[in-house]
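Report on the structure given below.
The values are calculated or read from the model by the stated rules, or taken from the named source; none is laboratory data. Note that the coordinates shown come from a computational prediction; the quantities given were computed from them, not determined experimentally. Cβ: placed from backbone, ideal geometry, glycine included. Neighbour counts: every protein chain shown. Heads up: the accessible areas ignore ligands, DNA and RNA and are worked out on the full protein's heavy atoms, side chains in. Shrake-Rupley method; radii C 1.70, N 1.55, O 1.52, S 1.80 Å.
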Amino acid sequence: MASRPKNTMRSSRLFLILGLMVSFWPGGTGAVPSASAEDQAGKSPGVLERIGNTAKKVGDKIEQGFTKAGRKLKEKKVGEKVERKLKKAADKTAQGFKKAGDKIDKKLND
């Protein structure tokens, strides 16, 4: 994809920030019962591993969002529509310059 909408970039950053905030939140998400650090060392993943997993999940969701947005743009043929509009604008501009040139020539020849 050549360009990305600004609001999509903002939402992807927001998901990343929220994912990191949740992983650092005191007490976690409540899925791990409170116990001593020695008991949890062998049973639950470490903080860095949880951050890595969360970041991977967020990255996957962002990728899915961009893939879905790309499909929608392709389905709606946005590129072709933009190309037609630009061509139409260029044609109208060329006609306007031609008319202006004709008027100038007419005034100079009078």
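Of the numbered conditions (1) modelled with pLDDT under 85; (2) part of a helix (DSSP H, G or I); (3) in contact with a helix residue (DSSP H, G or I) (Cβ under 7 Å, 6 or more places away or on another chain), residue 61 fails exactly one; give the number of that condition.
With respect to (1) modelled with pLDDT under 85; (2) part of a helix (DSSP H, G or I); (3) in contact with a helix residue (DSSP H, G or I) (Cβ under 7 Å, 6 or more places away or on another chain), residue 61 is out only on (1).
Out of curiosity, is residue 8 modelled with pLDDT under 65, touching a helix residue (DSSP H, G or I) at 6+ places or on another chain (Cβ under 7 Å) and outside any loop (DSSP other than H, G, I, E, B)?
yes
Here is a check on your reading of the model: is residue 92 part of a helix (DSSP H, G or I), more than 30 Å from residue 17 (Cβ to Cβ) and open to solvent by 100 Å² or more (accessible area, probe 1.4 Å)?
Yes: the conditions hold for residue 92.
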